[in-house]
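The values are calculated or read from the model by the stated rules, or taken from the named source; none is laboratory data. A quick note: this is a predicted structure, and the numbers were derived from the prediction, not measured. Reconstructed Cβ throughout: ideal geometry from the backbone, glycine too, with neighbour counts over all protein chains shown.
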Amino acid sequence: MHKTIEMQAAGMDYKALNDSLRAQGASEITVRGVMGQRYLGCAMQDKNLTLYGTPGNGLGQYLSGGTIEVFGSAQEATGDTMNAGEIVVHGRCGDAAGYGMRGGRILIRDDVGYRAGIHMKAYENHEPVLVIGAGAGSFLGEYLAGGLIVVLGIGLDGKYPAGFFCGTGMHGGKIILRCDRKPEGLPEQVCVHACTEVDRAEMRPHVEAYCEKFGGDPETLLGAQYFVLSPNPEKGYHRMYTSVI
Amino acid sequence: MNIREFFPLYEVARDPARCVKCKLCVRECANEVHAFNEKLGVLTADDSKCVNCQRCVAVCPTRALKIVRTDNTYKVNANWTGDAMREVYQQAQTGGVLLASMGNPQPGPIYWDKLLLNASQVTNPPIDPLREPMETRVFLGKKPGSILRGPDGKLIPNQTPQLALRKPILFSAMSYGSISYNAHAALARAAQELGIYYNTGEGGLHEDFYAYGDNTIVQVASGRFGVHTDYLSTGAAIEIKMGQGAKPGIGGHLPGIKVGPDISKTRMIPEGTDAISPAPHHDIYSIEDLRQLVFSLKEATGYRKPIIVKVAAVHNVAAIASGIARSGADIIAIDGWRGGTGAAPARIRDNVGIPIELALAAVDTRLREEGIRDEVSLIVGGSIRSSADLVKAIALGADAVYIGTAALLAMGCHLCRSCQQGKCNWGIATQRPDLVARLDPDEAARRLINLVTAWDHELQEIMGGMGINAVEALRGNRLMLRGLGLTEAELRVLGVKHAGE
């Protein structure tokens, strides 16, 4: 049913707000005055939420479809274990955004905190995508097993846009970082190469989607210098063991 | 220095007078120990490949085979044992972390064996379970502390979701990947028939087994394998795995070679790549964070499912359990030092954690002291080997037990502790289709049902002997236990008196 409703979240606790969201027959729901309520859109399958304010931890956790657009910043664990759908944040996200995500897309206009995109994975036709407009904190894409993380480094003047331990234990997927110089000192599980046309083509639709949501010129962004992090097959953990007899 | 490969630990002894050269052993051994030399017309054996899984012994139609421990030894040394020396050689050769399977096989105290049970004599008559009703059903979950009534005097239901078990036994978490499709099928069928539960482990739930959802506990671990909304809503309960007794403090690693199309789809991970469960949940750094995951799962399933939090038995497990009980979890599962595994670093398995008996007693005592014992139920595992262990666990304070190794044994496992190699000749810890086909799920399910039914009968017999007719009255009833040969400290932690006291 295509029906739009508006609600006011101020003063409601998270359970009351989520119960009320789940009870709505409408497919388009706008919530104003969001003040840190947790688990908004948790396990949602088919609705489109527009949120004004600051959603709390676990926004769109286990999301299985539909969209969530936040006019404001989001707190921790946004899109944790997300399966499908889209989350758009007109602001920044806290830690562990996109943790264990295996489908759908998250577009974040500004920065993310620590451990973004950690343990993302792909399978069959599921390819999760995390696009970060500015910079990312440490541990970005650790244990990455699939999917695509793009860090656009907007406003960072070509400086390395991630923190320490980027891609530790990575064994699948791809991280594309915008920076002028090849990143150094990365963990040994990571290989780095300059962005190829194939890589650029892969990120193009997502950069275009980013610009459509937040403004900016996709061609200018795509024309910048990028480096691509991929797993180093020589340094996987399989070589670590010997069996007890 | 060139140290030759180790002298084989086990030797294949073939009785030529009995062997009819049917070559069944050659076909059955996935380790390729047996071979037939066409030229000489004789069966040969490469002892160095033998893991002593007893498959050839069991299938040999003429009982011509046995596997014997070699009598070759290094110079006998009580400190530098043969195993200790061999492991040094092996690591010097490979530079690898020693990887092992199943529970810790080292000697060490097994407190179950040092606890004795009570029985009624004269003053409090025993009960005959063949004649009188005996209740072994249990309900797992938070128990309401008060009865609520509305203004009209009618009851307001305030019961949170519960797991109902016809017998106080559940099959422990073993993932599809670590064990085979047929093994999972057997566990699911047996759990349904028995009115108990099996546990997916961190391997997702195969689409064929959604039909058994009412008897399935679905696990959410740090890798989030196979976790999605249908999975969460299909299970009867959700278990958050924080730790495992065989490898407290570390994660898991399913090698890419075992991740075929079916495993890939079920775990929702790329085919052929390693499945790595990180050591921590990257969104949990505190009890408050744990609470967040607990409630996100409750939100995702409409507060209809009990949430279990599973931890390894470690030194401060009582304080940890107290935190978990306050996190909103409904059930705490504790996995002991001897708990099994499909693969774990041997040094961690054998040296990290504490025995489940001590952990259970400490947790139950702590929760009671803090007045929050009814906020959660307790499940313990690692390792429960018999109904006697089960009874003792309940008397120490458990609501129910997890059995893993015992269930595998029921299906045919012979504890060769080579699961990590993926060549299980019994069709259990393997993904090789020809080996998996050896395990008949119906037959395995029947054996699981037999085992649990037999233990339940024994539980009833033992309870009857004590003059107790309901598991509820046995739970935490430590007066039914006495220690034998235990120190003051051990008795204090266990909260039991010494035999004769």
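At a glance:
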{"read-out": "Residue among A:ALA201, A:ALA194, A:ALA224, A:ALA209 that is over 30 Å from B:GLN421 (Cβ atoms), of a type in the set (A, V, I, L, M, F, W, C) and without any contact (Cβ under 8 Å) to a residue 12 or more places away in the chain", "value": "A:ALA201"}
{"read-out": "Residue, surrounded by the fewest Cβ atoms within 10 Å (Cβ to Cβ), within region A:49-85, restricted to residues that are among the hydroxyl-bearing types (Ser, Thr, Tyr) and facing chain B (nearest Cβ under 10 Å)", "value": "A:SER64"}
{"read-out": "The one condition in (1) surrounded by fewer than 24 Cβ atoms within 10 Å (Cβ to Cβ); (2) in contact with a helix residue (DSSP H, G or I) (Cβ under 9 Å, 6 or more places away or on another chain) that B:ASP350 fails to fulfil", "value": "(2)"}
{"read-out": "Yes/no for A:VAL192 being assigned to a strand (DSSP E or B) and farther than 27 Å from B:THR266 by Cα", "value": "yes"}
{"read-out": "Pairs with Cβ under 9 Å, 6+ apart, first in region B:472-501 and polar (S, T, N, Q), second assigned to a helix (DSSP H, G or I)", "value": "B:ASN477/B:ILE394; B:ASN477/B:ALA395; B:ASN477/B:MET466"}
{"read-out": "For B:LYS167: the one exception among (1) at pLDDT 95 or above; (2) closer than 27 Å to B:ILE372 by Cβ; (3) surrounded by fewer than 19 Cβ atoms within 10 Å (Cβ to Cβ); (4) charged (D, E, K, R)", "value": "(3)"}
{"read-out": "Pair list, Cβ < 6 Å and 6+ apart or interchain, from region B:93-107 residues that are away from chain A (no Cβ under 11 Å) to residues that are in a loop (DSSP other than H, G, I, E, B)", "value": "B:GLY103/B:ARG338; B:GLY103/B:GLY339; B:GLY103/B:GLY340; B:GLY103/B:SER383; B:ASN104/B:ARG338"}
{"read-out": "Only listed residue being charged (D, E, K, R) and facing another protein chain (nearest Cβ under 9 Å), chosen from A:ASP13, A:ASP95, A:ASP46", "value": "A:ASP95"}
{"read-out": "Members of region B:193-236 found to be assigned to a strand (DSSP E or B), touching a residue at least 24 places away in the same chain (Cβ under 8 Å) and either surrounded by fewer than 24 Cβ atoms within 10 Å (Cβ to Cβ) or in contact with a Phe, Trp or Tyr (Cβ under 7 Å, 6 or more places away or on another chain) (or both), listed by number", "value": "B:TYR198, B:ASN199, B:THR216, B:ILE217"}
{"read-out": "Matching residues, region B:429-459, being within 23 Å of B:ILE169 (Cβ to Cβ) and touching a Ser or Thr at 6+ places or on another chain (Cβ under 6 Å)", "value": "B:TRP455, B:ASP456, B:GLU458, B:LEU459"}
{"read-out": "Identity of the residue in region B:272-308, over 24 Å from A:GLY41 (Cβ atoms) and within 8 Å of another protein chain (Cβ to nearest Cβ), that ends up surrounded by the fewest Cβ atoms within 10 Å (Cβ to Cβ)", "value": "B:PRO278"}
{"read-out": "Any hit, region B:245-263, residues being closer than 22 Å to B:GLY339 by Cβ and facing chain A (nearest Cβ under 8 Å)", "value": "yes"}
{"read-out": "Which numbered condition A:ASP180 misses (of (1) modelled with pLDDT of 95 or more; (2) acidic (Asp, Glu); (3) closer than 25 Å to B:VAL227 by Cβ)", "value": "(3)"}
{"read-out": "Neighbours by Cβ (under 7 Å, 6+ apart or cross-chain): first from region A:18-31, facing chain B (nearest Cβ under 10 Å); second assigned to a helix (DSSP H, G or I) and of a type in the set (Asp, Glu)", "value": "A:ASN18/B:GLU299"}
{"read-out": "Some residue of region A:149-156 being buried (at least 24 other Cβ atoms within 10 Å of the Cβ), in a loop (DSSP other than H, G, I, E, B), within 14 Å of chain B (Cβ to nearest Cβ) and touching a strand residue (DSSP E or B) at 6+ places or on another chain (Cβ under 8 Å)", "value": "no"}
{"read-out": "Evaluation of B:ALA429 against (1) closer than 30 Å to B:GLU461 by Cα; (2) within 14 Å of another protein chain (Cβ to nearest Cβ); (3) crowded, with 23+ Cβ neighbours inside 10 Å (one fails), failing number", "value": "(1)"}
{"read-out": "Odd one out for A:TYR143, checked against (1) assigned to a loop (DSSP other than H, G, I, E, B); (2) over 23 Å from A:PRO233 (Cα atoms); (3) within 19 Å of the chain's Cα centre (by Cα)", "value": "(2)"}
{"read-out": "Any hit, region B:238-246, residues being in the same structural domain as B:VAL311 (by TED's automatic domain parsing) and more than 16 Å from the chain's Cα centre (by Cα)", "value": "yes"}
{"read-out": "Residue satisfying all of: in region A:215-245; closer than 13 Å to B:LEU98 by Cα and either touching a Lys or Arg at 6+ places or on another chain (Cβ under 7 Å) or more than 7 Å from chain B (Cβ to nearest Cβ) (or both); modelled with the highest pLDDT among these", "value": "A:ILE245"}
{"read-out": "Test: B:GLU443 is in the same structural domain as B:GLY201 (by TED's automatic domain parsing), under 25 Å from B:ALA359 (Cα atoms) and part of a helix (DSSP H, G or I)", "value": "no"}
{"read-out": "Residue count, region A:1-48 (criterion: crowded, with 22+ Cβ neighbours inside 10 Å and of a type in the set (Lys, Arg))", "value": "1"}
{"read-out": "Among the residues listed as B:ALA407, B:ALA361, B:ALA429, B:ALA393, the single one being in contact with a strand residue (DSSP E or B) (Cβ under 6 Å, 6 or more places away or on another chain) and either of a type in the set (Ser, Thr, Tyr) or closer than 27 Å to B:GLY145 by Cα (or both)", "value": "B:ALA393"}
{"read-out": "Of all residues making up region A:98-112, the number that are more than 10 Å from chain B (Cβ to nearest Cβ) and closer than 19 Å to B:ARG224 by Cβ", "value": "5"}
{"read-out": "Filter result (surrounded by fewer than 10 Cβ atoms within 10 Å (Cβ to Cβ), within 29 Å of B:LEU170 (Cα to Cα) and among the β-branched types (Val, Ile, Thr)) within region B:151-160", "value": "none"}
{"read-out": "Failed item, numbered, when B:ILE269 is tested on (1) under 25 Å from A:TYR114 (Cα atoms); (2) more than 7 Å from every other protein chain (Cβ to nearest Cβ); (3) among the hydrophobic types (A, V, I, L, M, F, W, C)", "value": "(2)"}
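Rundown of residues vs (1) touching a Cys at 6+ places or on another chain (Cβ under 7 Å); (2) part of a loop (DSSP other than H, G, I, E, B), yes/no style:
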{"site": "A:LEU40", "(1), (2)": "no, yes"}
{"site": "A:GLN45", "(1), (2)": "no, yes"}
{"site": "A:THR50", "(1), (2)": "no, no"}
{"site": "A:GLY53", "(1), (2)": "no, no"}
{"site": "A:GLY56", "(1), (2)": "no, yes"}
{"site": "A:GLN61", "(1), (2)": "yes, yes"}
{"site": "A:GLY66", "(1), (2)": "no, no"}
{"site": "A:GLU76", "(1), (2)": "no, yes"}
{"site": "A:ASP80", "(1), (2)": "no, yes"}
